[in-house]
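Asks: To start, I am sharing the structure in question, which I have written as structure tokens.
The values are calculated or read from the model by the stated rules, or taken from the named source; none is laboratory data. In this text the structure is predicted, and so the values were computed from the model without any measurement. Heads up, the Cβs are rebuilt from the backbone with ideal geometry, glycines too, and the neighbour counts pull from every protein chain shown. All accessible areas refer to the heavy atoms of the entire protein, side chains included, with ligands and DNA or RNA removed. Shrake-Rupley method; radii C 1.70, N 1.55, O 1.52, S 1.80 Å.
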Amino acid sequence: MGAVAVVVVVVIVLFFVAMQLVGTDDRFQAAASALGLKLTRSVPELLPRLEGMINGLPVRIDIAEGRHPGVRYRVFYPPLGMSLRLERETTITRTLGELGQKDTQIGATAFDQSFKVNTSRPDALRKMMDPELRRTLVRLIGDYPTTIIEDGGISFVSDTSEPPAEAIIKTTNDMAAAALQLVSRRPKPLDKPKPAKPRQIDGAPASTQPRTRPQPPSARPKEAEQQASRPTESPSSRPAAPAPAPPPPPAPTPPPAPAPPPGTGLPDTFFDDVFGDNRLSFEADGEFEQRFRGTKVTLMGPVKQAREIEEDTTVTTGPATKAVVTVAQIENDLYGKTDIDAVVFLPRGTADQLQRGDVISFSGTLATVDPFMRNLYVTDARRVG
């Protein structure tokens, strides 16, 4: 009887687990049907994931695991050609701004009070932030306070992992509409300085040689007579020509860029397989889980940004320095040439040692990849070289 009781308990538990999964799928399945997205399950956690296109932009909706699990919404769009981060303005960020931390002001009260802004092109951002776009983004941050807008994507994590289907649909559509407005107002790329053209006279290009002033005809015979009356100098009586000055020493050769570490720990086709056109099949087949999670990698590239964090919602980690480093570039049908960034978790307290543009090498453990955001996550990392 004891064994029978155990079996009955196990069956009951499995029944309730199955019912919970079915209930969760019902919400996400309804949202997927309404939005025209594909519903799959991640491996091995079996958590729901929605992927597809809305308004011509890639969308992904999944579960962000961590201390407080929630639904993570991400909409991706072609980069605007600037570094950009918009997040909710809080009392803390406002105080840091007053103490000198960078916070670009657009010049519109409602927008500036709603957002903390960090961008490499303030003038271009002010120009593209017309009243309609400002209203859209202020409404978005009001409805979804943890929204973060970066160059190439908008992300938001809800405070629950089981919202109703209507909430999933509304949130996704609101974010996709905001992303589409950002794309429609993309600023012009920075112009490269062009060399100055030579001045033209009467349609002919000016000569770069110095011109001699023409002399009147009456002066020429007199000069010829004076020249003929001068005694002829022998070559020996002429002063010796000064010796040519030695050429200036060559400019010092700049130090070579650090050589890439011997081997990354990844196959040569890794970045194309994970982030290229076949990324969906790569994920569906669970190939990352089977082959690459936990791989020790060594990578190198320029730093985009670095900051101190207490925790991260994507991977399990405590206090650390979170750095974004560009480690590869691929050709993508949607975006053209696309940078692949590594989100690297280094020992805490090293953010001040990493400046934007610094080329660093690092080793760590490959924890996960995000094909749509074109990121890979490296934990327990250390600088090398």
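Asks: Enumerate the whole-percent occupancy of each 5 Å bin, from 0 to the last occupied one, for all C-alpha pair distances of segment 304-362.
Replies: Using 5 Å bins, I get a P(r) of 4, 18, 25, 20, 15, 10, 6, 1 for segment 304-362.
Asks: Based only on Cα atoms, what mean projected area does the convex hull of segment 48-169 have, in nm²?
Replies: Mean orientational projected area (segment 48-169, Cα hull): 8.5 nm².
Asks: Counting other Cβ atoms within 10 Å, which trypsin sites (Lys or Arg not before Pro) in segment 284-367 have at most 15 and lie in a DSSP loop? Before the final figure, lay out the partial values.
Replies: Details: sites: ARG291, ARG293, LYS296, LYS304, ARG307, LYS322, LYS337, ARG348, ARG356; in loops: ARG293, ARG348, ARG356.
In loop regions of segment 284-367 (DSSP not H, G, I, E or B), the sparsely surrounded trypsin sites (Lys or Arg not before Pro) are ARG293, ARG348, ARG356.
Asks: In this model, which of LYS188/LYS304; LYS296/LYS322; LYS304/LYS337; LYS188/LYS337; LYS38/LYS116 are farther than 25 Å apart at the alpha-carbon?
Replies: Values: LYS188/LYS304 22 Å; LYS296/LYS322 18 Å; LYS304/LYS337 17 Å; LYS188/LYS337 18 Å; LYS38/LYS116 34 Å.
Going by Cα-Cα distance, LYS38/LYS116 fall outside the 25 Å limit.
Asks: Can I ask one more? What number comes out for the charge environment of LEU182, summing +1 per Lys or Arg and -1 per Asp or Glu over other residues with Cβ under 11 Å away?
Replies: On the way: positive: ARG185, ARG186; negative: GLU150, ASP151.
That works out to 0.
Asks: So how much accessible area does LEU137 have, in Å² to the nearest 10, using a 1.4 Å probe?
Replies: 0
Asks: Ignoring ligands and nucleic acids, what accessible area does GLU162 show with a 1.4 Å probe (Å², nearest 10)?
Replies: The accessible area of GLU162 comes to roughly 80 Å².
Asks: Provide the net charge surrounding PRO319, with neighbours chosen by a C-beta distance below 11 Å and charges set as Lys +1, Arg +1, Asp -1, Glu -1. Spell out each step's value before the answer.
Replies: Numbers: positive: LYS322, ARG348; negative: GLU308, GLU310, GLU311, ASP312.
Once positives and negatives cancel, what remains is -2.
Asks: What spacing in nm lies between the two simple spin-label points modelled at THR136 and THR350, each 7 Å away from Cα in the Cβ direction?
Replies: 4.0
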